[in-house]
Amino acid sequence: TLALVALALPAFAAGPLLTQGTCRLTWDAPIANVDGTALVDLAKYRVYVGTAPGVKKGASATAEVGAPNPAPVAGTTATWACAGLTRGQKYAVVTAVDLSGLESVESNEVPFVFEDQSNPPGNLRIGP
């Protein structure tokens, strides 16, 4: 069975916070395993971005973000800077991966429109 909570079952914000020149997905780090024990072996996050609703984890993540602390504490966040995207409507989910390679279920999905690096959609928050 999967050992990680799905990023504490975060919910994305209702929409992007527009900030000229930036596009960032930010989420709260999980702090517990599914069985309720403290998470002490977090390795990284995988960000999956698609062009249609219903994005699921799969063989090829859009990006991987290293976890600076294998045992995150409450209030810890992680961020991805939306690198390498093409223009158009996008949908994103995030998963957590432990040191043995087990991957959590997907976070809630966030929709956004990515114009280009000179006019990205702003900051997007995954969380309650």
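Computed values, structure above
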read-out	value
Estimated distance in nm for a label pair at A32 and V105, the labels positioned 7 Å out from Cα along Cα-to-Cβ	1.6 nm
Placed amide H near A43: partners under 5 Å, 5+ positions off or other chain	V97, D98, L99
Förster radius 22 Å - calculated FRET efficiency between A81 and A52 (Cβ-Cβ, nearest 0.05)	0.45
V34 long-range amide H proximity, modeled H, under 5 Å	L4, V5
Estimated vicinal HN-Hα couplings, Hz - the stretch 45-54 in sequence order (Karplus 6.51, -1.76, 1.60; Gly, Pro = x)	10, 10, 9, 10, 10, x, 9, 9, x, x
Debye equation applied to the C-alpha atoms of the stretch 43-92, log10 I(q)/I(0) at 0.17, 0.18, 0.19, 0.30 Å⁻¹	-0.60, -0.66, -0.72, -1.21
Two-site label geometry, V40 and E115: point separation in nm, points 7 Å out along Cα→Cβ	4.9 nm
Amide hydrogen neighbours beyond the local backbone of A29, cut-off 5 Å, H modeled	T76, T77, A78
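Values in this text are rule-based calculations from the coordinates and carry no lab data. All values reported here derive from a predicted model rather than from experimental measurement. Don't worry about glycine lacking a Cβ; one is built from the backbone with ideal geometry, like all the others, and counts go over all protein chains shown.
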